[in-house]
Structure formats: structure tokens, C-alpha cells
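Undergrad: Sending over a structure as C-alpha cells; questions will come in a sec.
The values are calculated or read from the model by the stated rules, or taken from the named source; none is laboratory data. The structure presented is a predicted model; accordingly, all values stated were derived computationally and were not measured. In this analysis, Cβ positions are derived from the backbone assuming ideal geometry, glycine residues included, and neighbour counts consider all displayed protein chains. Quick note on the areas: whole protein, heavy atoms, side chains included, nothing else; ligands and nucleic acids left out. Shrake-Rupley method; radii C 1.70, N 1.55, O 1.52, S 1.80 Å.
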Amino acid sequence: MIVITTVLLTTLLWTSPVEVPKLVVVSVDGGSDQLVDELLARGVLPADGAFGRIAREGKVADYLRPVNVSSTASSHAALFTGALPGDNGIVLNRFLGVDQLEGRPTSGFVAALDADTIFQAVKRAGIKVVCATAVTVDATGEDRSCSETMPYPSRLADAARIVFHPAGEARALDGRPGLWQPVEAVGETAAAIPWFAGEATPLELWLQQEGEPKLLVNHALAEKAVVLKLNQWQSQRMWRGTSLMEPWLRFDRVADGFRLYFGQIYGFRNADDAFMQTIFKTLGGWPGEPDHRALADGVIRLDEWRDQSVRQNEYLRGITHQVLQRKDWQVLFTYLPHVDDTQHHFMLRSPRQLDYHAEGGARRARFQAEIEAAYQRADTWLAGYMDAAPAGTRFLIISDHGGTPTHHVLFLNQWLADQGFAAEGKPSVRVTSAGPSAFFYVDGADAKAQQATIAVLTKKLKTLQDPDTGENLFEVVKQRHELTSLGLFHRQRSGQVFVSARPGWSLSMRVPPSKGWYLPNSYHRDSLAGAGLSRADQDFMLHRGLNEGGVGVHGHLSHNRMVHGLFYLWQPGVAPGPLGVVDALQVAPTIAALLNIPPPRQAKAKPVGTTFP
């Protein structure tokens, strides 16, 4: 009876929180503690910015140690559940089932969680929590939603690049000054929106060449036609059901005539929510992500890619400011992906990278300036949040991981094929990778054969060497039964073998045209050509995924300094001070302690610090 009474009393105390100040939690995707320390020390980040202010007036960790592996999905899942990947189920950005040798991998961004989240804990306590994008919150159910939710949108169509020339007599269009010519797409391009699902939507294009060229763009989903000026960006509002989409368009001259760039299109699954409709009404539709492929292809310039990234983050900033100005919220989670996107493209810090010495070092200096500018923008956005928030609001600025410079990509499926892990054309081993880490899933139809395959595979992986240094390429090769030590054992989702490469290497599931095991990486054709890559391999390397072969990647094990994240806590009226090293699993309990509520159910770590309401 005493035990029951004690438990009941504890529950009542936790579920009746005292009035506490508002709390804003910002995830700066890719934010590197090491780089922020460097930039503060050099004065690149100002003393009166967000990081400088909190370093002086708040509580700052030596660094935030992410979980293994430091990928976006698995890191955020651990931050927001307080549970290891093996316990929350998000063991990698994508994974298979333990006996799955067919079908597509499951995305860690949408997979079901096996653990309670801080968002659920806050809602259970009767506290209103707004999520202006938080990884693992996708509005697919009550357990993956906040009180008000703006999930990260789903991409519905890739960018279209349409090369065209005039085709026909110029004529007058109703309500439009001047004469307009119909156009004809040339080559393999088509004047249509290439939806992932369903038929393409034809585009109506008219060109005016009187004076400065203009292009009229219209289609069935558009609110109205837009007229583009040469080399200038403009958005087009379009609706699909209740979801407002607002891709960005631009047209320019090319050798074959003109080219229209019709940006990526995104939609929201919960578009009919009142919160989302307010966002559409006040800020418009999602502007899209920075288009990495278009940059690699030379379709857009570096400054235009930067504009796309800034526009995306300004949209998130606008939503955050709208919430900050309201009175009816208690906790706000929001997100800034700009630093991560920039580091994937521009992290040149290793002499082994192809671009490191390019242009006599000028490219390296230019890339460093891009990264510094990205951190400065994030610092400015964060300082703006702090200034706009109601008096007494606490801020917790965290990141999921940092990033490491990458000089080579290892192509795992090609390596597996060359090592003979196939029978009559059917693979006996499948692999999923995220940055430098991967799971291997071994055919289990014959248990004895499976164990033999695992033994051979493990031996080969342990002896695979860096061709330049002679070092073992993988710093960790572990079998399934050894994964508990890394926090990565999950009964259904962990493979039979796990590897994590040394910093400088990333892993890919694709196969290059040359059928080689590895290639040096760059997003610049001149560097790839200078390294002796064939034209086909150059094209292949220019079009790989960012965390598959970017010059900066994440996903290494948590002991690597460059992957350590941020933990900056600002509590007005509380004495500043250092916090030592903070573990990712302490974040959810710390948020709960700041709100005086119970932590998520699987969270076992202690909260950070000692001063809470």
C-alpha cells in the first residue's frame, strides 16, 4: 500500500506541472560544435549573436555527443526519445528487415518508432506544443503529431528542365500586351511537370521576344499564369487539394534556344489543418529545397543554389516568428537545415580531397567562406528568435551531428559482387548505407550457409584497406550479436554485420559505370577529370546523394570530434556556466525537466544541469 501510494503521489506531482516559462527548442541540422567553437574564437560569429550571447550568459556543453550512428534520422530519434537507436528502432537513415533480401529499404524518417517521444510526453502533461518542423513528427498519426504540426513536406515532383525554342507565328493573347509565340520543347525534355505519382501535367508556354525576352507559364493547377523575366526567379502558386505549393521558376538562354527551370514541388499530408492553412495564407507554400543536382549540372549557379537554401530557411523562420508572437503556446520546436546542406557541398578540410588544392587553394577559401556565412546566417536567425520571444522564454539550441570532410566513396554493392556474394545472379547479401556506416543483411534461408557467409563477409570487411594509406578502411566491423555495445542492436531492423568507415570515406549502394569499388569524390567536373575519371564516371559522381558522396558527410561513430553536436541552453535569470559533455540521450529528459513533467517513457538518462523550475 505504501508503494502504491508513493507511485500515485509521484504521478500526480508530475501530471500537475507548475506554471513554467515558455521553451523554444531549435535543431540546427549539422551544427558542428567544433566549428562553432572555432568561429567564435576567430570572431566570425559575433559576441552579440545567439551563440556568443549564450556562451556568455547561458549554459554551454563542451559538446553534445550523438548516438551511433550520427545520421539525421537516427540522431533526432534519439534526441527526442531519450532512447538508443536499438531501443527506439531508428538504427540508420534507411534500413531493411533482418531477413529482407527483396524490396525497398525503409526510411528512418517515416518508420514507426518503438519508443515514446518528448512530444507525446508534453501533450500528456496538458501542455500546448507547436512543431514548426521536427524530425520524427510527420503528422501521420496522433503519436507523430504535436498540438499544432508543420511536418517536413513530401516531395511530389522533381525539378523540370525544359529546353525550348519558338515554334509558330507570334499572336496576341487575351489581356496580355504585345505578341507571344508558342514554343516547342527540344531534345529529351518535355513541357510538363514530372509528378512521381500520376500523369505529368502539361505546361502552357508562350515566349515574347519584343525587347527583353519574357516567358508566360501556365498549367491546370496554377492559381494564375506567371510571366518570367530572363534570369530572374519567380514563384508560381499552385494547389493540389488543400495543399498550397509554390515552386520557384527561372528561364535563361542556352545554345539550343531557351531553358525553363521549374523547381521541385512539395506538399503536406496535413494541409487541411488550421495551422497549415494559416501558414499558406500568410507565408505562401513551401518554396522547396536547394537543388543540388541542378547546381552540379550547371543549371543554376552557386549564388542561386544559396538563394534556394536561404529561401527555404527564411520560410521556416517566418513560421517560427509567427508562433513566437502568439500567446497560446508553451513549447515550440523548430528546425534550421541550412548549415547541413552547406556543409555537404563545401566542407573542404582534408588535403586528400580533390578540391582541396584546386585553383591554387582559392576554391578551398571560397568553400570555407560559404560555410562561415551559413553559420553566420543561422546565428542571426537564432538571435532574431531570442529577441522576438516573450520575456523569460528559455532557448535550447541543439544539433543532431556535425560533419566530416570526405575524399572517397566506396561502392558496397560492386564490392559485394566482386567478392562473390551472389548465387546465379541473386545476391546473398544486401546492404543499406548512410554516409560512412552500413548494415549488411545476409540470406537466412539456410542457417548454416548464413553463418558461413557472415564469417567470410566479416573477415573480408576487416581486411579491406585504404588504397593510399594501407590502413583498414573500416574503424568498426561488428556482427549482429556485438551491436549492443554500440546501441545498435534491434531485433527486426539491424543487419547481420555492421560497418563504419574511417573519417574521409563514405559508402554508397550504387554501382559506378567503371564497376570500380571506389572513386575520389567532388562536385566539380574539373577535379574529377584531373583525377583521371572517365566522362561516364564524372557524370555518375556529379549526381550522387549528399550523404552518399558529398564533400562533407555525417554518420560516423560518436567518438569522432567532427560529428559532435551543439548544446546551448539559455535561461534568463539563471547563472551561466559550463556543462561538460552532454549525451544525446539527456536531451529529452532535460526538456522534460525544464517543463517540470515526466520524461518520455523509455528515457533513462539524467537531465543536464541543476537549475530547473
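Undergrad: Which of the residues that make up the range 522-569 are over 20 Å from the mean Cα position of the chain (by Cα), aromatic (Phe, Trp, Tyr) and either open to solvent by less than 20 Å² (accessible area, probe 1.4 Å) or farther than 18 Å from residue 295 by Cα (or both)?
TA: Within the range 522-569, just 568 meets the criteria.
Undergrad: Quick one: residue 383 ticks every box in (1) buried (at least 21 other Cβ atoms within 10 Å of the Cβ); (2) at pLDDT 95 or above; (3) in contact with a helix residue (DSSP H, G or I) (Cβ under 7 Å, 6 or more places away or on another chain) bar one, so which box is it?
TA: (1)
Undergrad: Can we say residue 230 is in contact with a Phe, Trp or Tyr (Cβ under 8 Å, 6 or more places away or on another chain) and closer than 13 Å to residue 258 by Cα?
TA: On the way: in contact with a Phe, Trp or Tyr (Cβ under 8 Å, 6 or more places away or on another chain): yes; closer than 13 Å to residue 258 by Cα: yes.
Yes, satisfied.
Undergrad: Tell me yes or no: at least one residue of the range 225-233 is of a type outside the set (Asp, Glu), crowded, with 17+ Cβ neighbours inside 10 Å and at pLDDT 95 or above.
TA: Taking every residue of the range 225-233 in turn, at least one turns out to be of a type outside the set (Asp, Glu), crowded, with 17+ Cβ neighbours inside 10 Å and at pLDDT 95 or above.
Undergrad: Since residue 268 meets every condition but one in (1) on the phi < 0 side of the Ramachandran plot; (2) open to solvent by 60 Å² or more (accessible area, probe 1.4 Å); (3) not hydroxyl-bearing (Ser, Thr, Tyr), which condition does it not meet?
TA: So the condition that residue 268 fails would be (2).
Undergrad: Residue by residue through the range 327-376, note down the ones that are acidic (Asp, Glu) and over 22 Å from residue 538 (Cβ atoms).
TA: Those that are acidic (Asp, Glu) and over 22 Å from residue 538 (Cβ atoms): 328, 340, 341, 370, 372.
Undergrad: Now, a different point. Could you please let me know if residue 359 is within 25 Å of the chain's Cα centre (by Cα) and surrounded by fewer than 24 Cβ atoms within 10 Å (Cβ to Cβ)?
TA: Criteria not met by residue 359.
Undergrad: Also: Quick test for you: out of 167, 172, 157, pick the one residue that is closer than 28 Å to residue 226 by Cβ, open to solvent by less than 10 Å² (accessible area, probe 1.4 Å) and at pLDDT below 95.
TA: Numbers: 167 fails: open to solvent by less than 10 Å² (accessible area, probe 1.4 Å); 172 fails: open to solvent by less than 10 Å² (accessible area, probe 1.4 Å).
It is 157.
Undergrad: Could you figure out which of (1) over 30 Å from residue 129 (Cβ atoms); (2) open to solvent by 10 Å² or more (accessible area, probe 1.4 Å); (3) in a helix (DSSP H, G or I); (4) hydrophobic (A, V, I, L, M, F, W, C) isn't true of residue 519?
TA: (3)
Undergrad: Any chance you could count how many residues in the range 399-442 are within 22 Å of the chain's Cα centre (by Cα), more than 30 Å from residue 573 (Cβ to Cβ) and polar (S, T, N, Q)?
TA: Qualifying residue count, the range 399-442: 5.
Undergrad: Also, I was wondering about something else. Can you tell me which residues in the range 580-605 are over 28 Å from the mean Cα position of the chain (by Cα) and open to solvent by 30 Å² or more (accessible area, probe 1.4 Å)?
TA: 596, 598
Undergrad: Restricting to the range 443-491, what's the tally of residues that are surrounded by 13 or more Cβ atoms within 10 Å (Cβ to Cβ), among the polar types (S, T, N, Q) and assigned to a strand (DSSP E or B)?
TA: Total meeting the criteria: 2.
Undergrad: Just to be sure I understand, how many residues within the range 372-398 are under 20 Å from the mean Cα position of the chain (by Cα), of a type in the set (S, T, N, Q) and more than 26 Å from residue 522 (Cα to Cα)? Talk me through it step by step, then tell me what you get.
TA: Taking the range 372-398 as the starting set, the residues that turn out to be under 20 Å from the mean Cα position of the chain (by Cα) are 372-379, 381-382, 396-398.
Next cut, of a type in the set (S, T, N, Q) only: 376.
Restricting the remaining residues to those that are more than 26 Å from residue 522 (Cα to Cα) gives none.
Of the residues in the range 372-398, 0 are under 20 Å from the mean Cα position of the chain (by Cα), of a type in the set (S, T, N, Q) and more than 26 Å from residue 522 (Cα to Cα).
Undergrad: Give the range 271-309 a look and list any residue that's over 22 Å from residue 110 (Cα atoms) and open to solvent by 60 Å² or more (accessible area, probe 1.4 Å), or say none.
TA: 274, 277, 278, 281, 282, 283, 293, 297, 301, 307
Undergrad: Still on this structure, please answer the following. If you take just the helices (runs of 4 or more DSSP H) that sit entirely in the range 281-380, which of them hold at least 1 residues that are closer than 19 Å to residue 24 by Cβ and among the hydroxyl-bearing types (Ser, Thr, Tyr)?
TA: Of the helices (runs of 4 or more DSSP H) lying wholly inside the range 281-380, those with at least 1 residues that are closer than 19 Å to residue 24 by Cβ and among the hydroxyl-bearing types (Ser, Thr, Tyr) span 302-324.
Undergrad: Of all the residues that make up the range 178-206, how many are among the aliphatic types (A, V, I, L, M), assigned to a strand (DSSP E or B) and in contact with a Gly (Cβ under 9 Å, 6 or more places away or on another chain)?
TA: 1
Undergrad: If you go through the range 65-80 one residue at a time, do you hit one that is out of contact with any Ser or Thr (no Cβ under 9 Å at 6 or more places or on another chain), among the hydroxyl-bearing types (Ser, Thr, Tyr) and either open to solvent by less than 50 Å² (accessible area, probe 1.4 Å) or outside any strand (DSSP E or B) (or both)?
TA: Yes, the conditions are met somewhere in the range 65-80.
Undergrad: Okay, next question. All but one of (1) over 30 Å from residue 301 (Cα atoms); (2) surrounded by 15 or more Cβ atoms within 10 Å (Cβ to Cβ); (3) in contact with a Lys or Arg (Cβ under 6 Å, 6 or more places away or on another chain) hold for residue 577, so report the exception by its number.
TA: Among (1) over 30 Å from residue 301 (Cα atoms); (2) surrounded by 15 or more Cβ atoms within 10 Å (Cβ to Cβ); (3) in contact with a Lys or Arg (Cβ under 6 Å, 6 or more places away or on another chain), residue 577 violates only (2).
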